[in-house]
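Where a number appears in this text, it was derived from the coordinates with a stated rule and is not lab data. Keep in mind it's a predicted model, so treat the numbers as computed, not measured. Ideal geometry is used to build each Cβ from the backbone, glycine not excepted, and the neighbour counts take in all protein chains shown.
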There are 2 protein chains.
Amino acid sequence: MNIGEASKLSGLPPKTIRYYEDTGLIAPPARAENGYRNYTDTDVHKLRFVRHSRGLGFSVDECSQLLSLYEDKDRQSGDVKAIAQKHLTEIDEKIKELQELRSTLHHLVNTCHGDGRPDCPILEGLADPASVQ
Amino acid sequence: MNIGEASKLSGLPPKTIRYYEDTGLIAPPARAENGYRNYTDTDVHKLRFVRHSRGLGFSVDECSQLLSLYEDKDRQSGDVKAIAQKHLTEIDEKIKELQELRSTLHHLVNTCHGDGRPDCPILEGLADPASVQ
DNA sequence: CTTGCCCTTCCAGCAACTGGAAGCTTATAT
DNA sequence: ATATAAGCTTCCAGTTGCTGGAAGGGCAAG
């Protein structure tokens, strides 16, 4: 099938599929006589795998490792779990970071009148965070 | 003062300060006779403002708007609040997104033995998310 | 006078795409 | 049959927010 069809089935834009090929994340597919990329169901399967991995926030590099493990029938599930566990930890850190940031921002927003007057605790807080602590 | 001193006082790396100048976020400072950038306390004050704004996750473009409002003594605090409120909403969305993603990933990680055997629910979940629902 | 640090500019690269141009081929409509 | 549109190809550039490095000049200490 052409890239457009593979795109529909995998849920990845054609541009992204080509990009993944360029960067080596996915192997180049066969080519038809007219030069068009020719994808198999297996190819699409892997593209879907990558889309789901990226959707869970794995980096392209991590996706590459996961895909290798997926294709290796002698893999050790511990290797997969290690990658996932590390990513989970990073997500937890990111969430924590955002929540702290949200808390500060929420406080600032709450204390600002938000009217036509110029005095603004948000700007004061940005100029000098200590002033709102 | 030179850029190194401004860097220490503002908490921004010299590279970043120059970058902010290049992109128009902050106005070019005066220059000494030897061509070195010459920062005033006011300049440093604005650099700190930008660092705090960026630290709260505002984009450089939003920082630019906030800085303009900070410098405008006839500003309306409602304009500031609108920017902050919008950003807060985006943070909330981001947190929600990450939490959902975390939940899925956590579930996958928990169901994987993580040993020397090849069977792996994580890979199965990435290949076909429906299989783990 | 040389060592070493600070400053200058400019160019390149990171992640992960996305948009657009120029030029094919194929499908559809008249 | 032909005109047009859609889909495919490659390649280059831009996005966001820096960061690293090279090449060269300034300046103080030993």
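Side notes on the structure shown:
- Cα-projected label distance for B:Q99 with A:N110, points at 7 Å along beta-carbon direction, nm: 1.6
- Distance between the 7 Å Cα→Cβ label points at B:V60 and A:K86: 3.0 nm.
- A Förster distance of 25 Å, applied to the separation of the beta-carbon atoms of A:V132 and B:D74, puts the FRET efficiency at 0.60.
- Kirkwood Rh, Cα atoms: Rg over Rh of chain B: 1.25
- Distances from A:P129 to itself in the other copies, using label points 7 Å out along the Cα-Cβ axis, amount to 3.5 nm in increasing order.
- Using a cut-off of 31 Å between Cα atoms, the listed pairs A:K8/A:K96; A:K73/B:K94; A:K73/A:K96; A:K46/B:K15; B:K15/B:K86 include A:K8/A:K96; A:K73/B:K94; A:K73/A:K96; A:K46/B:K15 as exceeding that distance.
- Residue with peak Gaussian network fluctuation, chain B [Cα springs, cutoff 10 Å], from B:G116, B:G78, B:G11: B:G116
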